[in-house]
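Below: the structure, in structure tokens.
Every number here is computed from the coordinates shown, using simple stated rules; none is lab data. Remember, it's a predicted structure, so these values are computed and weren't measured experimentally. When we count neighbours, we look across all protein chains shown, and the Cβ atoms used for this are built from the backbone with ideal geometry, even at glycine.
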């Protein structure tokens, strides 16, 4: 290595070098960044060099590695922060309690809930089982370190088409079928073992995910308000206690791996960046952490995720206005012989940092001992805002926290790609009957039954899951819109959890697509009887150094922020994942949104399956001819740049009508209209309830028949109303409410002047239920 | 003994994860449940305040979960720890007629420990049955329907009428009950004679069922077994998850009444209140 001369080995009985930055040219700096695996840019390396030249010394390898972690895109959001501040962080209301590793919101007078979603994309693309499992592990800790008990997991997943021909697969890329199997198994084996139900999620398929699948994981937790903790130390004198798994060489440079584009060499070069999960360490860690916290023995906590110790120590100390002295030789290791820099940045799993007052230390250590979980005091909090590290009594690291944590912030160039605008509209041919189209949509992998996945996850451990992911009469099922949990024993108040994403719409028009995603998550929550309360988002985009990708990002969050602000929905946590591209190109811009809603009384909740012959069916919301990016257009090879827009006054009115109707007991079944439009939504309601429907679409006005059937316009729901309770359904001038037909017979009939669709229920159910089983069963 | 005096030991180790909901079922019915770590019974790493003795309790519960990760075989590690440290206490507990309940992983533990089916004494030397990997080779979380086929021996189902079909959900990867192939028929016959078979998986018509209504491929569609004396009971499905009607999978169609699992807990507490 040409820069070997710049690494000056130190005379100590372990691996430690000083790096001669003062004597390094620009070329050397680039080389050092590359061979240290820190992925820092030349400008960033120059800034580090200047800092140390001013200090009159060179950095150690531990220091340089640490800065590399802290300044990575993953840790400091250097490309996205400016936009997030403008569109997302500023939405607030009195229900927001904290914005830490997870957001914390008020649930009721005495309780709070925590929520967060993040990505584990690159590890899962390289090693699907381990990548997905450790994704679950990490998101659980984010919720746990707020003092909350995890009560639900959520996992939106995005893969290439399952029937993608093997010969077309680019070199070094794994087949989507293998990735799906591995990811689902990873989530199953980790989530089921730790005893947290997986209640919501989603599956999306598109060719753009061939080279870089997306695995997003979300978690929601509950806490008594008095047990909520900040990710901060209380003050000087606090002891830092490292608890949980041992530290090893797994997960080194995970954050820098996540902050670069995948290549065909990722498999061989970055395997070591994927951590190894151990749910049977995590399960007792959760018990012990919660017990210590509930006994008021913990001042603050933070989880060890990206960057490992190097990030957690600085951040937890600085959040309390302090610094820390840490003895790295005390960290329990998986194997001997790790260099200090490896210990400092390893992302080994199942670890948390607790800040404890000295008088409580023994009690805390005892709790962990009972659960056989390692707990080791590794440092103490000091007044001065700097971190010093010692290894075998040698000082190996001494940095001011302001410098370390004050990562760069960029306003990179940001501009739309002109090519997309030139594409011409192409509409599908009209037909006299749409039976085949409906059956084709029902069996589309982006729409069909996901029970192969859902039933591998325990979705009711904890016995608090009131509405499960699948709804229906015994022996029949289709998808619900949101799951509902009852987190507090002595209360009927419920927490609804829903997931939404529409990468297809965002890909055509990121601003409108972003708005549509928020609309969808709100529709999902309302459909079970919940009022939307907060959101958290995982924003998966391509390389932000390319202006068109960054433009997509900015436009998407502008859309998300706009609707969220109008509805007064805070976004107290979230995650940005850039560099989701491979030699085959970037992924579709993919915001995955997890929404939480409040159900006043869970005994009023409704499911999506039709309930009773003779009940009237209503459409809530206006239908327009905007069909761009719809499943129907994709299936028929059509294109339109016109993405459904969101009219927030119609959305708000629709939410009130649906939730009001449910709370009054007038609505007995409800389903939001999304992928596949009205026809698919109604078919799903029929399949779940094993009941047919007869519906007339003439009242929708002068629209093409296919638009009436398959348009995916926003802010719309189908509701089944209890016969005789029609007048209990609220009305509002800001939106439309229209009676369309009845629950009837054993087939689905849709008429508009003439019969458009008339399909027998069993046939629909078969086409809906079987597709995924045929490929992976 | 009054139900309000009945002390329930909900026993756990790392990876046990259904203890909270199991604990709550007994709490709701007025008994005195307690979540106890195995080390509190063996006296390892605990203070004198935390030390417990099995004889302090009237009911022992092994909740569901993945004890010790189920890495060797489901329930095997928990069972090995039990047998090495608590055999004597356990045998005594069962001989006194005190009830023992194992749900899901708890059932697997009872079988691995030799406490079920216990056809050759309270605690057999080696396991007499196995709960093997489901025929589908997958974890199966799905609604299941159970028919109570017990003729009155089991102390956990006395309040469930014989013809009643209960909706009690399953969630496991290793629930296929098997016996040695050469003697399976004889063992089934003996279990029937001893009135040890408690629940069988059925379909919505009440008929003995294959997959998916029997999620694992169990011999004779057996979902739950008790000991010859009827006081040790294990089942794969989760009655603690359907204590209330509103956690049933289709409760929005039939919102009234109790959950189907509640009667299991009521039955055993009634037994304690009358017999202990």
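For the protein assembly as shown, the mean residue ellipticity at 222 nm estimated from helices alone is -9000 deg cm²/dmol, where every DSSP H run of n ≥ 4 contributes -39500 (n - 2.57) and the total is divided by all residues, rounded to the nearest 500. With a ≥ b ≥ c taken as the square roots of the eigenvalues of the C-alpha gyration tensor of region A:664-762, please select rounded if a/c is under 1.5 and otherwise prolate if a/b is larger than b/c or oblate if it is not? Oblate shape, in that a/c is at least 1.5 and b/c is the bigger or equal ratio. Give the shape of chain B as rounded, prolate or oblate, defined through the alpha-carbon gyration tensor: a ≥ b ≥ c are the square roots of its eigenvalues, a/c under 1.5 means rounded, and otherwise the shape is prolate if a/b is larger than b/c and oblate if not. The shape class here is rounded.
Provide the percentage of antiparallel DSSP beta bridges, counting only those with both residues in region B:3-275; round to the nearest 5. For region B:3-275, the DSSP antiparallel bridge percentage is about 60. The shape of the protein assembly as shown comes out oblate: with a ≥ b ≥ c from the C-alpha gyration tensor, a/c is at least 1.5 while a/b does not beat b/c.
The angle separating the long axis of helix A:26-35 from the principal Cα axis of greatest extent in chain A is about 70 degrees. The mean count of C-beta atoms from other chains within 10 Å of the C-beta of residues in B:250-256, rounded to a whole number, is 6. Quote the relative contact order of region A:4-73 in percent (integer), defining contacts as alpha-carbon pairs under 8 Å separated by 6+ residues. Value for region A:4-73: 33 percent. Across peptide B:235-248, the mean count of Cβ atoms from other chains lying within 10 Å of each residue's own Cβ comes to 3. The protection proxy used here, the mean number of other Cβ atoms lying within 10 Å of each residue, ranks peptides B:229-242, A:367-380, B:249-262, B:164-177 as follows, highest first: B:229-242, B:164-177, A:367-380, B:249-262.
Rounded to the nearest 10 degrees, the angle from helix A:547-566 to the longest Cα principal axis of chain A is 60 degrees. Between the beta carbons of residue B:137 and residue A:55, assuming R0 = 60 Å, the FRET efficiency works out to 0.50 to the nearest 0.05. Rounded to 0.05, the FRET efficiency of the residue A:725 and residue B:125 pair, given R0 = 51 Å and the Cβ-Cβ distance, is 0.20. For the peptide A:461-473, the mean number of other protein chain Cβ atoms found within 10 angstrom of a residue's Cβ is 6. In chain A, the longest principal axis of the Cα atoms and the axis of helix A:279-294 are about 80 degrees apart. Built from the Cα atoms of region A:4-73, the convex hull projects on average onto 4.6 nm², one quarter of its surface area.
Pairs of Cα atoms nearer than 8 Å and 6+ residues apart set the relative contact order; for chain A it is 14 percent. Computed over region A:183-318, relative contact order equals 37 percent, with contacts defined as Cα pairs under 8 Å that lie 6+ residues apart. Ordering of A:682-694, B:43-55, A:301-313, A:622-634 by packing is A:301-313, A:682-694, A:622-634, B:43-55, highest average first (other Cβ atoms within 10 Å, averaged per residue). Rounded to the nearest 5, what % of DSSP beta bridges with both residues in the protein assembly as shown are antiparallel? Of those bridges, close to 75 percent are antiparallel. Among A:112-118, B:5-11, A:648-654, the peptide with the highest mean count of other Cβ atoms within 10 Å heads the list, and the full ranking is A:112-118, B:5-11, A:648-654.
Determine which residues of region A:237-256 fall in the zone a paramagnetic label at residue A:14 would reach in this model, i.e. backbone nitrogen under 14 Å from the point 7 Å along Cα→Cβ. Counting backbone N atoms under 14 Å from the label point, the list is A:247-249.
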